[in-house]
There are 2 protein chains.
Amino acid sequence: MDGFDITTCLAKDAPAAAPRFGGFPPYNFIGGHNDPALIPLDGLIAAAGAVLARDGRRLATYNLSQGPQGYRPLREFVAAKLSGRRGIAAAADDVLITSGSGQGIDIVNRLLVSPGDTVLIEEFSYAGAITRARQSGAGVIALPLDEQGIRTDALENILTAQRAKGVTPKYIYTIPTIQNPTGSILPLDRRQALVALSARFGVPIFEDECYADLLWHDVDAPPALRALAPSQVVHIGSFSKSLAPALRLGYASADWPMLARMIACKADGGTGAIDQMVAAEYFSSHFAAHIDRLSTGLSAKLAVMQEAVAREFGTAIETWAPRGGIFLWMKLPAEVDVRTLVQPALAAGVAFNPGPEWAVDAETAKSHLRLCFALPTADEIREGVAAFARVCREQTGIPRQSANIRHQ
Amino acid sequence: MDGFDITTCLAKDAPAAAPRFGGFPPYNFIGGHNDPALIPLDGLIAAAGAVLARDGRRLATYNLSQGPQGYRPLREFVAAKLSGRRGIAAAADDVLITSGSGQGIDIVNRLLVSPGDTVLIEEFSYAGAITRARQSGAGVIALPLDEQGIRTDALENILTAQRAKGVTPKYIYTIPTIQNPTGSILPLDRRQALVALSARFGVPIFEDECYADLLWHDVDAPPALRALAPSQVVHIGSFSKSLAPALRLGYASADWPMLARMIACKADGGTGAIDQMVAAEYFSSHFAAHIDRLSTGLSAKLAVMQEAVAREFGTAIETWAPRGGIFLWMKLPAEVDVRTLVQPALAAGVAFNPGPEWAVDAETAKSHLRLCFALPTADEIREGVAAFARVCREQTGIPRQSANIRHQ
């Protein structure tokens with residue numbers, strides 16, 4: 001009896017094989033990782049002990065006997081955070097805990113998008129949101145951004161043009177508070193204009209606030225879009241940035257008719273229970289202090305990265321000024337196509353996000369790139385940016401000189 | 001500016017809204033819940049403290065910096081368990097941790113099944129496996145069972161008939177060790193016949209061993225099918241039954257070409273990290289003792305349920321004799337359609353699984369039902385079975401009399 005390889009039986013559209021995981025590169029500026037030094041270890045250990053002792057027998061039941069929306073104390077925490085910090089009227093029953101915010105994106109696409117539909121996404125945005133919309137069969141139209149976020153004048157023109165073609169886009173996906181990748185915060189007047197356009201054209205807003213907890217200390221954010229126009233907005237958020245991405249905890253908030261549909265789409269048998277319990281226990285009493293410490297640490301790392309980029313690239317690079325978060329968005333001269341730098345940079349131990357992967361229309365961001373600064377140490381940031389500048393110079397002649405070279 | 005309800009924008013095939021969760025019924029005999037009294041609370045608390053202190057800073061990174069296959073110590077534990085207990089040669093790199101075994105089922109369907117394909121499933125089987133195969137567009141053919149599991153003579157006839165029609169089924173889905181719902185264990189000679197048929201007809205085996213850790217003390221199981229014919233078998237398992245379902249931990253084992261495709265399909269950004277860490281830490285030193293305690297407790301509850309069923313239903317009911325697990329499969333007289341009992345039973349506080357939901361062809365199981373016994377206490381089992389017998393008698397006249405009635 002001879003065996004056979006099951007992959008000879010694959011469906012025609014099966015995805016390609018994943019490569020073996022080879023570990024992180026030495027200078028890892030990609031992925032939404034957080035700062036290992038800022039994980040509140042003692043607090044999490046104490047929280048795990050307390051919450052398991054009190055509520056641990058619930059682990060014997062699916063969803064901790066509390067239904068598919070998630071662990072009730074975690075939903076209560078999210079509701080209080082949304083109410084207290086983002087202006088969203090919410091109780092525990094208005095919240096769905098998701099297995100990461102990516103699950104929220106999948107569910108919204110599942111509910112709203114059919115092949116051939118149109119969705120609107122900020123011209124530079126989270127790669128996962130663009131990819132998932134396209135996997136759902138949507139055509140994606142880019143919304144122009146400036147340093148404050150969506151240009152609502154341009155949005156109005158796009159919606160008017162779509163209406164003239166008989167098209168009602170299925171949603172406007174926006175990251176209004178610490179936009180990914182530009183780090184901007186949409187001002188209140190534009191938020192008001194945005195929800196007014198949503199109402200006028202009958203296009204729901206899909207608001208992603210993954211980074212909204214990570215504001216620098218001198219920064220305030222206006223209320224969430226969902227606070228301004230609850231029925232028109234599906235709001236998602238995450239604990240990946242405020243606590244830790246390995247936990248796979250996100251949340252969604254929407255009016256009940258929509259939320260009830262979202263719950264019906266959550267087909268994973270629940271979100272990991274100990275993760276939910278520990279996050280609920282720890283954040284129920286330590287959220288403000290933790291966020292404060294995190295913002296202090298991350299803004300210091302941003303300063304290190306900004307200094308390193310200025311030192312290594314000088315005037316050859318244009319950088320945005322993020323108002324929170326974990327990434328820096330920048331642009332090299334138009335003659336540089338950053339896609340040509342990906343492999344040489346990896347060979348030098350540096351991973352970065354090429355702009356085209358973070359853009360609705362790849363060509364518009366061919367000279368842009370995103371560097372994440374939370375994971376590497378300050379020294380790794382300095383060394384990695386220098387290594388990247390060397391690669392860039394070798395490949396493109398830019399930057400033409402640098403402090404490093406002068407000192408060598 | 002007027003708002004609007006986003007559900008007016010839903011895609012045509014959006015699923016119906018979920019109901020508000022109303023809590024468990026008093027006599028909850030459905031769902032793969034475990035026994036709250038058998039959750040090893042002290043052990044889990046100690047494990048959480050130890051593993052977070054040692055490895056907790058990894059939480060700052062997606063997948064704990066260890067790649068999409070999952071937390072390495074958990075993969076090492078699974079590999080050792082598969083090797084030591086199930087005869088499957090496996091190392092940590094041969095294992096994929098999944099977010100529950102349901103994710104494993106989704107991934108296998110995604111990889112192998114296209115609309116219009118055919119799959120083979122045991123005539124009575126896990127509802128989630130039947131449903132998910134059909135959602136993938138497969139036609140499902142029922143494989144006859146007897147008290148030992150799949151009848152391989154019938155399987156050969158079905159494969160021959162399909163071949164004559166030019167059809168190669170995409171997989172044979174089987175739960176060979178503690179079959180769900182019948183509780184049987186497939187003997188070695190049938191396992192050998194099954195993998196021989198798989199090879200001869202070129203049909204992969206999809207082996208689900210969710211319950212294989214929960215054997216009664218006097219029971220031994222032959223090696224897993226994947227041990228007998230590694231390249232032909234995708235093997236999945238779960239921690240839901242051996243530890244706790246709220247954790248959402250499962251695993252898959254397959255030869256690398258298939259496993260690499262499965263990894264590519266795992267699009268959730270990883271499985272909950274603290275759940276993985278705690279399970280790895282606890283089971284790395286306590287698995288055998290915990291499983292022993294669990295089997296003792298569960299077999300005692302089964303005995304309570306068997307006694308209650310015999311007392312309340314007498315000769316009106318035929319029961320299978322499970323060799324492990326958490327459920328009892330039984331059959332009322334053919335004139336009873338258990339679907340008519342679901343609502344009256346719920347009104348009396350009793351939830352049970354009607355046979356038609358656990359069968360490929362609903363009508364063949366219209367008088368069957370499944371009762372899970374892990375969650376309820378012994379008293380709840382006795383009271384709930386008595387309440388169910390009363391409902392059954394009121395609705396159908398069966399059972400005709402009972403010890404309860406004689407005592408009233």
(request) Please give the number of the condition A:Leu44 fails out of (1) under 26 Å from B:Gln69 (Cβ atoms); (2) surrounded by fewer than 18 Cβ atoms within 10 Å (Cβ to Cβ). (result) (2)
(message) From the list A:Ile263, A:Ile236, exactly one residue is closer than 21 Å to B:Gly270 by Cα, in contact with a strand residue (DSSP E or B) (Cβ under 7 Å, 6 or more places away or on another chain), among the aliphatic types (A, V, I, L, M) and part of a strand (DSSP E or B). Which is it?
(response) A:Ile236
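So which residues in segment A:183-215 are in a loop (DSSP other than H, G, I, E, B) and more than 17 Å from the chain's Cα centre (by Cα)?
Filtering segment A:183-215 for residues in a loop (DSSP other than H, G, I, E, B) gives A:183-184, A:186-187, A:202-204, A:209-214.
Within segment A:183-215, A:Pro187, A:Gly202, A:Val203, A:Pro204 qualify.
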(request) Please find, within segment B:152-182, the residue that is farthest from B:Asp218 (Cα to Cα) out of those that are within 14 Å of chain A (Cβ to nearest Cβ) and in a loop (DSSP other than H, G, I, E, B). (result) B:Val167
(request) Mind listing just one residue for me: the one in segment B:47-63 that is more than 32 Å from the chain's Cα centre (by Cα) and of a type outside the set (A, V, I, L, M) and, of those, farthest from A:Pro40 (Cα to Cα)? (result) B:Arg54
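Which one of A:Gly349, A:Gly325, A:Gly314 is outside the structural domain of A:Ser184 (by TED's automatic domain parsing), out of contact with any helix residue (DSSP H, G or I) (no Cβ under 6 Å at 6 or more places or on another chain), closer than 18 Å to B:Ala60 by Cα and not charged (D, E, K, R)?
Answer to the check: A:Gly325.
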(request) Name the single residue, out of those in segment B:13-59 being in contact with a Gly (Cβ under 8 Å, 6 or more places away or on another chain) and among the β-branched types (Val, Ile, Thr), that is farthest from A:Val278 (Cα to Cα). (result) B:Ile39
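Between B:Gly49, B:Gly84, which is under 26 Å from B:Ala212 (Cα atoms) and without any contact (Cβ under 8 Å) to a residue 12 or more places away in the chain? Step through it out loud before you land on a result.
Numbers: B:Gly49 fails: under 26 Å from B:Ala212 (Cα atoms).
That would be B:Gly84, the only listed residue that is under 26 Å from B:Ala212 (Cα atoms) and without any contact (Cβ under 8 Å) to a residue 12 or more places away in the chain.
Every residue in segment B:159-178 that is surrounded by 19 or more Cβ atoms within 10 Å (Cβ to Cβ) and of a type in the set (Val, Ile, Thr), please. Full working, then the answer.
Restricting attention to segment B:159-178, the residues satisfying the condition of being surrounded by 19 or more Cβ atoms within 10 Å (Cβ to Cβ) are B:159, B:169-178.
Residues satisfying the conditions are B:Ile172, B:Thr174, B:Ile175, B:Thr177, B:Ile178.
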(message) Quick check on my filter: what residues within segment A:23-45 are within 23 Å of B:Gly49 (Cα to Cα), free of Cβ contacts under 8 Å to residues at least 12 places away in the same chain and more than 7 Å from chain B (Cβ to nearest Cβ)?
(response) A:Asp42
(message) Give me the residue from segment A:248-259 that is at the interface with chain B (Cβ under 8 Å from one of its Cβ atoms) and not hydrophobic (A, V, I, L, M, F, W, C) and, out of that set, surrounded by the fewest Cβ atoms within 10 Å (Cβ to Cβ).
(response) A:Pro257
(request) Tell me, please, whether a residue that is touching a residue at least 40 places away in the same chain (Cβ under 8 Å), within 21 Å of B:Asp268 (Cβ to Cβ) and buried (at least 22 other Cβ atoms within 10 Å of the Cβ) can be found in segment A:210-223. (result) yes
(request) Count, please, the residues in segment B:112-127 that happen to be surrounded by fewer than 19 Cβ atoms within 10 Å (Cβ to Cβ) and in a helix (DSSP H, G or I). (result) 1
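Would you be able to say whether some residue in segment B:77-91 is facing chain A (nearest Cβ under 10 Å), in a helix (DSSP H, G or I) and of a type outside the set (Asp, Glu)? I'd like the intermediate steps shown before the answer.
Within segment B:77-91, the first condition is being facing chain A (nearest Cβ under 10 Å), and the residues that meet it are none.
No, there is no match, as no residue in segment B:77-91 is facing chain A (nearest Cβ under 10 Å), in a helix (DSSP H, G or I) and of a type outside the set (Asp, Glu).
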(request) Residue by residue through segment A:349-392, note down the ones that are buried (at least 18 other Cβ atoms within 10 Å of the Cβ), in a loop (DSSP other than H, G, I, E, B) and not hydroxyl-bearing (Ser, Thr, Tyr). (result) A:Phe352, A:Val360, A:Lys366, A:Phe373, A:Ala374, A:Leu375, A:Pro376
(request) Among what's in segment B:14-31 and is surrounded by 11 or more Cβ atoms within 10 Å (Cβ to Cβ) and among the aliphatic types (A, V, I, L, M), pick the residue that is farthest from A:Asp93 (Cα to Cα). (result) B:Ile30
(request) Looking only at segment B:65-74, decide whether some residue is in contact (Cβ under 8 Å) with a residue 24 or more places away in the chain, more than 9 Å from chain A (Cβ to nearest Cβ) and of a type in the set (A, V, I, L, M). (result) yes
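Quick check: anything in segment B:2-22 of a type outside the set (Lys, Arg), more than 7 Å from chain A (Cβ to nearest Cβ) and in contact (Cβ under 8 Å) with a residue 60 or more places away in the chain? Spell out the reasoning first.
So the first thing to find is which residues in segment B:2-22 are of a type outside the set (Lys, Arg), and the list is B:2-11, B:13-19, B:21-22.
From the residues that got through so far, the ones that are more than 7 Å from chain A (Cβ to nearest Cβ) too are B:8, B:13, B:19, B:22.
If we keep only those that are in contact (Cβ under 8 Å) with a residue 60 or more places away in the chain as well, we get none.
So far as segment B:2-22 goes, no, none of its residues is of a type outside the set (Lys, Arg), more than 7 Å from chain A (Cβ to nearest Cβ) and in contact (Cβ under 8 Å) with a residue 60 or more places away in the chain.
Quick one: which residue in B:Thr296, B:Thr271 is at pLDDT 95 or above, in a loop (DSSP other than H, G, I, E, B) and farther than 22 Å from B:Pro181 by Cβ? Step through it out loud before you land on a result.
On the way: B:Thr296 fails: in a loop (DSSP other than H, G, I, E, B).
Step by step, each of B:Thr296, B:Thr271 is checked, and only B:Thr271 is at pLDDT 95 or above, in a loop (DSSP other than H, G, I, E, B) and farther than 22 Å from B:Pro181 by Cβ.
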(request) Within segment B:15-47, track down each residue that is aliphatic (A, V, I, L, M), assigned to a helix (DSSP H, G or I) and more than 19 Å from B:Pro376 (Cα to Cα). (result) B:Leu44, B:Ile45, B:Ala46, B:Ala47
(request) Sort out which residues of segment A:260-293 are surrounded by fewer than 22 Cβ atoms within 10 Å (Cβ to Cβ) and more than 7 Å from chain B (Cβ to nearest Cβ), and write them in order of number. (result) A:Ala267, A:Ser284, A:Ser285, A:His286, A:Phe287, A:Ala288, A:Ala289, A:His290, A:Ile291, A:Asp292, A:Arg293
(message) Here is a list: B:Ser198, B:Ser231. Which entry is assigned by TED's automatic domain parsing to the domain that holds B:Gly116 and either in contact with a strand residue (DSSP E or B) (Cβ under 7 Å, 6 or more places away or on another chain) or buried (at least 22 other Cβ atoms within 10 Å of the Cβ) (or both)?
(response) B:Ser198
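The values are calculated or read from the model by the stated rules, or taken from the named source; none is laboratory data. These numbers come from a predicted model, not from an experiment. No Cβ is skipped: glycine too gets one built from the backbone with ideal geometry, and neighbour counts run over all protein chains shown.
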